[in-house]
Amino acid sequence: MAPQTWHYGLVAKWWAEFNKDGPEIDYFRGFIERDGQPALDVACGTGRLLLPYLRAGLDVDGCDVSEDMIALCRERAEREGLSPTLFVQSMHELDPPRSYRTIIVCGGFALGSDRAQDVQSLARFYEHLEPGGALVLDNEVPYANSRQWQRWLREGRMDTPRAWSDDDGERRGASDGSELALQTRLLGLDPLEQRATLEIRARQWRDGEPAAEEVHTLDIGLYFKNELLLMLERTGFVDVLVQGGYEEREATAGDDFLVFVARKPSYPRDEAY
Ligand SMILES: C[S@@+](CC[C@H](N)C(=O)[O-])C[C@H]1O[C@@H](n2cnc3c(N)ncnc32)[C@H](O)[C@@H]1O
């Protein structure tokens, strides 16, 4: 089954309009600068990380499963006179035009894909890294959101699917004069399969009047640290570090986002033994 994400239409527009900063940008950039180029930004979205890297002259390609996100990323890049290599592809079928010293995945792993596809994605990253290259992949821990964490318990799941709240969500002004708002709700959580299903409602207003409404679903795989470590090691990655908080430090139990820094073995070095 094709991965099902919600980054289309008005949701893609929201990303292009409002998601342009964050600590991830400088953090991931450090790996590209240190571990080398070329780099691939997998699930690059509308270019929150990619565009600053291109502006800085780094050699980075981008791919994403959503043609809407890629189209907006390309539009933003072209507006600045940049012409990156961008392609629409699901990460489990990754087949890029070249291999990379660094592959980054920020906020994109296990979105909409099933477990077998996630395993396949890791194998694709490994295959398309140069020997000695690094995969830098982040993942939100399943216990990051206290309300969602309660749904792991049987009694905590009694009120799912959740109703839409009466609140429209924060309305924000877009560059075309329209206003946009997003709301999400949890449809269900399966602790056995470690999956949460969420729905997003995106609404647009023009001149104060409702103009459009879209609903999309997203099925997310929920992974714990040690599980991802095992998956990376089974893929063949070595020297795996787990950092936290988009800082160059070891992860702690207080971190909502973990970053796995995993290396493809450097064959020439191994052959020397
Ligand atoms: C939360 S956004 C993050 C975008 C960007 N990396 C950033 O940090 O701004 C997640 C992105 O992952 C993409 N995505 C979801 N599933 C994917 C898949 N199976 N393969 C490639 N991209 C995927 C979505 O289309 C979306 O653009």
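Coordinate-derived values only; no laboratory data. Because the structure is predicted, anything quoted here is derived from the model rather than measured. Don't worry about glycine lacking a Cβ; one is built from the backbone with ideal geometry, like all the others, and counts go over all protein chains shown.
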Write out the trypsin sites (Lys or Arg not before Pro) in segment 47-112 meeting two conditions: DSSP loop, and at most 12 other Cβ atoms within 10 Å of their Cβ. R98
Taking segment 142-191, which GluC sites (Glu not before Pro) meet the DSSP loop condition and have no more than 12 other C-beta atoms within 10 Å? E170
Long-range amide H partners of V60, meaning residues 5 or more apart or on another chain whose placed amide H is closer than 5 Å, are A39
Treating only Lys and Arg (+1) and Asp and Glu (-1) as charged, each at its beta carbon, one finds that the chain has a dipole about its Cα centre, in Debye to the nearest 20, of 220
Most packed first (mean Cβ within 10 Å per residue), the peptides 110-118, 206-214 order as 110-118, 206-214
What is the magnitude of the charge dipole of segment 31-157 about its Cα centre, with +1 placed on the Cβ of each Lys and Arg, -1 on the Cβ of each Asp and Glu, and no other charges, expressed in debye to the nearest 20? 480
So what's segment 1-105 giving for Rg/Rh, alpha carbon basis, Kirkwood Rh from the mean inverse pair distance? 0.94
Percent of beta bridges antiparallel (DSSP, the chain, rounded to nearest 5): 70
Under 8 Å for C-alpha pairs, at least 6 residues apart: give me the relative contact order for the chain, rounded to a whole percent. 19
For segment 55-131: span of alpha carbons on each principal axis (Å, largest first): 39, 30, 19
Loop only per DSSP, at most 16 neighbouring Cβ atoms within 10 Å: give me the trypsin sites (Lys or Arg not before Pro) in segment 213-273, ordered by residue number. R249
Sort largest first and round to whole Å: the equivalent ellipsoid semi-axes of segment 6-67, each the square root of five times a Cα gyration tensor eigenvalue. 22, 12, 9
Given N residues in segment 50-180, what is its alpha carbon radius of gyration divided by 2.2 N^0.38 Å? 1.34
Excluding residues on the same chain fewer than 8 positions from K264, give the lysines whose Cα lies under 30 Å from its Cα. K225
If you average the sequence gap of Cα pairs under 8 Å that are 6 or more apart and divide by the length of segment 1-102, what percent do you get for the contact order? 31
When the expected Rg is taken as 2.2 N^0.38 Å, what fraction or multiple of it is the alpha-carbon Rg of the chain? 1.03
From the Cα centre of segment 166-180 to that of segment 56-112, the distance in Å is 27
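Given charges of +1 on the Cβ of Lys and Arg and -1 on the Cβ of Asp and Glu, with all other atoms neutral, how large is the dipole of segment 112-265 about its Cα centre, in debye to the nearest 20? List each step's numbers first, then the result.
Values: 19 positive and 30 negative charges, 87 e Å.
The calculated dipole for segment 112-265 is roughly 420 debye.
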Restricting things to alpha carbons, tell me how big segment 168-258 is in terms of Rg and Dmax, in Å. 19.3, 55
